[in-house]
Amino acid sequence: MQQHTLRAALFGASLLAACGGGGGTASVATLPPVVVVPTPPVVAVGPAWTSYGGDAQHRSQAGVATQALNRILWQAPVDLAPVYSNGGALLTHYGSPVITAQNTVILPVKTGATAGFRFEGRSGSSGAVLWSAASDYVMPAHRWIPSYNVTLTAANRVYAAGAGGKVYYRDNADSATATTQTSAFFGDAVYSANQASLDTQVFINTPITADGSGNIYFGFTAASANSAGLASGIARIGADGKGSWASASTLTLGAATKVAMNSAPAVSADGKMLYVVVNNDQAQGYILGLDSTTLALGSRTRLIDPSRGTPAGVSDDSTASPVVGPDGDVYIGVLETAFGEHNGRGWLLHFDRTLNQEKLPGSFGWDDTPSVVPATMVPSYKGSATYLLMTKYNNYARGLGDGQNKLAVLDPNAAQGDPYSSVQVMKEVLTVLGPTPDPGYYGGVTEWCINVAAVDPFTKSILANSEDGYLYRWDLTSNTLSQRIKLTSGLGESYTPTLVGPDGVVYAINNAILFAVGK
């Protein structure tokens, strides 16, 4: 949000607002005998959308062709008490819904202004509530309201964050009669014996990521001298129910204090490596490569501003999360060292799978998780890369950039000069400018309002949300915004995800509401 000023505690300067993050068994009901059995509704069966960014690598690729953006099929609130700033901005990061293969859409919902959460399953075809579960989740200390997320395992178990570092889970996420249970990574008995104190001492502060084997990972913060003897770091709960954790301070020899807020851990395609971003009170940080089973440190790389060669900004107001490319390369967005020096765009840093080789950076990254675009989606592309990256490409106005806010498809291996620095950056393959003039900035356009965007290889298009209140389809064949649908009248808000259901319905969040859009 170009016109809204945010105070960045990490820099002591103005930040532009981001558009502006033991198993149970389901009970089975016995049907009474009937004379006539009505034909059951058709249930869509297709690929699930299991986490923020769609999967454990956060590549955000649809597994089916998306429906045309003809109409709003249904809508539901993800926040029952939105908190607007004095300028009317909505500085709340909303967690990504997940969608089962049987088309149950599971929403994380904020129920109060400062406290209160639940997660609920809704029919993807109608939006009707199938089940709802309350959570006692407590937010960690924050400026912008952090994201409350859910995740889905390959076995169709849904997890959601709770208070005190515990998680809630339900087996058979499609079932209205499944029981909701809890698990604490440091031991259920320890949590039960100290629940009152731990609920005020330990806080889950990232989305939960599930790997292909059903193990889950998340960041947490812990007060000193807490009842469980924890230090802020990364937690794992195995598919077998066994929990473990590793301290961010220990993993970085005291250089970092916690996992970065809202930054979802990512897992390599073979499931062996876990990538985690950690930071400290000065918003400087590292990306870590950990053994996904033991959480032992494999590699540790400091996140550096490629222009200055000094520590980059790793902001707790960001939702940038690691992305693992098809070749194993790892990408993560950061802020520039001196805010505003790169027009507040930050950088998209690029590493090999070991994190030991730094590669060509991208020219935007601060609150963005790039999406993976198969090169075959772009008929005009003549380069050698097998995949490209789609990223938000805002160029914020208000004394920094020119307000020419774009989306971009980038070649991660080909270089061009950066218009805003002396750095060589990823080459622009395609860009598209936002279509709506910004009423507060002459010559500028409204921002693209996404932290991760859905990629549709079947129609060669990308689905992206804008601060003008519209959901757009970016056709990569014609390089045009070929479809749009109005969701709201538009407002400045924190960045939000777009995602795709197994029936091709497109989902976007705008002004605290989830919209299901299709034909």
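The values are calculated or read from the model by the stated rules, or taken from the named source; none is laboratory data. Keep in mind that this is a model prediction, so the values were computed, not measured. Neighbour counts are summed over all protein chains in view; Cβ atoms, including those assigned to glycine, are modelled from backbone coordinates with ideal geometry. These accessible areas exclude ligands, DNA and RNA; they are computed on the full protein's heavy atoms, side chains included. Shrake-Rupley method; radii C 1.70, N 1.55, O 1.52, S 1.80 Å.
Table for the structure above
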| read-out | value |
| --- | --- |
| Set Arg59, Arg7: member being among the charged types (D, E, K, R) and modelled with pLDDT under 80 | Arg7 |
| Selection status of Ser192, in a loop (DSSP other than H, G, I, E, B), of a type in the set (Gly, Ala, Ser) and surrounded by fewer than 23 Cβ atoms within 10 Å (Cβ to Cβ) | no |
| Selected residue (only one of Asp368, Asp352 is open to solvent by less than 20 Å² (accessible area, probe 1.4 Å), acidic (Asp, Glu) and under 19 Å from Arg59 (Cβ atoms)) | Asp368 |
| Condition met for Gly434 (farther than 29 Å from Leu274 by Cβ, open to solvent by 10 Å² or more (accessible area, probe 1.4 Å) and among the small types (Gly, Ala, Ser)) | no |
| Qualifying residues in region 258-301 (those that are aliphatic (A, V, I, L, M) and in a loop (DSSP other than H, G, I, E, B)) - the one most open to solvent (accessible area, probe 1.4 Å) | Ala269 |
| Output for region 70-94, where each listed residue is of a type in the set (A, V, I, L, M, F, W, C), part of a loop (DSSP other than H, G, I, E, B) and touching a Pro at 6+ places or on another chain (Cβ under 9 Å) | Val78 |
| Selected residue [among the acidic types (Asp, Glu) and in contact with an Asp or Glu (Cβ under 8 Å, 6 or more places away or on another chain)] from Asp188, Asp240, Asp199 | Asp199 |
| Region 207-223 - residue that is part of a loop (DSSP other than H, G, I, E, B) and farther than 14 Å from Gly164 by Cα and, of those, most open to solvent (accessible area, probe 1.4 Å) | Ser213 |
| Residue within region 328-345 that is surrounded by fewer than 22 Cβ atoms within 10 Å (Cβ to Cβ) and assigned to a strand (DSSP E or B) present | no |
| Yes/no for Ala161 being under 22 Å from Gly238 (Cβ atoms) and within 20 Å of the chain's Cα centre (by Cα) | yes |
| Single condition Asp316 does not satisfy, out of (1) over 20 Å from the mean Cα position of the chain (by Cα); (2) among the charged types (D, E, K, R); (3) open to solvent by 10 Å² or more (accessible area, probe 1.4 Å) | (1) |
| Residue among Pro77, Pro82 that is modelled with pLDDT of 95 or more, open to solvent by 20 Å² or more (accessible area, probe 1.4 Å), closer than 25 Å to Ile462 by Cα and of a type outside the set (A, V, I, L, M, F, W, C) | Pro77 |
| Among (1) within 25 Å of Ser318 (Cα to Cα); (2) buried (at least 17 other Cβ atoms within 10 Å of the Cβ) - the single one Ser489 does not satisfy | (2) |
| Residues (open to solvent by 10 Å² or more (accessible area, probe 1.4 Å) and either among the aliphatic types (A, V, I, L, M) or assigned to a strand (DSSP E or B) (or both)) located in region 507-519 | Ile513 |
| Verdict on Gly362 being crowded, with 20+ Cβ neighbours inside 10 Å and on the phi < 0 side of the Ramachandran plot | yes |
| Lone qualifier among Tyr381, Tyr393 - being at pLDDT 95 or above, buried (at least 23 other Cβ atoms within 10 Å of the Cβ) and more than 24 Å from Gly289 (Cβ to Cβ) | Tyr393 |
| From Val109, Val83, residue being hydrophobic (A, V, I, L, M, F, W, C), over 22 Å from Asp316 (Cβ atoms) and out of contact with any Cys (no Cβ under 9 Å at 6 or more places or on another chain) | Val109 |
| Strands (runs of 3 or more DSSP E) (entirely within region 129-180) containing at least 2 residues that are among the β-branched types (Val, Ile, Thr), open to solvent by 10 Å² or more (accessible area, probe 1.4 Å) and at pLDDT below 95 | none |
| Contacts under 6 angstrom Cβ, first residue in region 389-402 being within 17 Å of Pro439 (Cα to Cα), partner assigned to a strand (DSSP E or B), 6 or more apart | Tyr396/Leu16 |
| Failed condition for Ala415, given (1) assigned to a loop (DSSP other than H, G, I, E, B); (2) surrounded by fewer than 17 Cβ atoms within 10 Å (Cβ to Cβ) | (1) |
| Unmet requirement for Leu481, which otherwise passes all of (1) in a strand (DSSP E or B); (2) open to solvent by 10 Å² or more (accessible area, probe 1.4 Å); (3) closer than 24 Å to Gly88 by Cα; (4) not polar (S, T, N, Q) | (3) |
| Count - residues of region 108-121 that are out of contact with any Leu (no Cβ under 6 Å at 6 or more places or on another chain) and either in a strand (DSSP E or B) or among the β-branched types (Val, Ile, Thr) (or both) | 7 |
| Selected residue (only one of Gly504, Gly440 is at positive phi and in a loop (DSSP other than H, G, I, E, B)) | Gly504 |
| Unmet requirement for Glu428, which otherwise passes all of (1) in a strand (DSSP E or B); (2) open to solvent by 10 Å² or more (accessible area, probe 1.4 Å); (3) within 24 Å of Gly469 (Cβ to Cβ) | (3) |
| Within region 230-245, tally of residues that are within 20 Å of Gly214 (Cβ to Cβ) and either in contact with a strand residue (DSSP E or B) (Cβ under 9 Å, 6 or more places away or on another chain) or open to solvent by less than 30 Å² (accessible area, probe 1.4 Å) (or both) | 11 |
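The rows are residues; the columns are (1) in contact with a Lys or Arg (Cβ under 9 Å, 6 or more places away or on another chain); (2) at positive phi.
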| residue | (1), (2) |
| --- | --- |
| Asn172 | yes, yes |
| Thr179 | yes, no |
| Ser183 | yes, no |
| Asp188 | yes, no |
| Ala193 | no, no |
| Pro207 | no, no |
| Asn215 | yes, no |
| Ser224 | no, no |
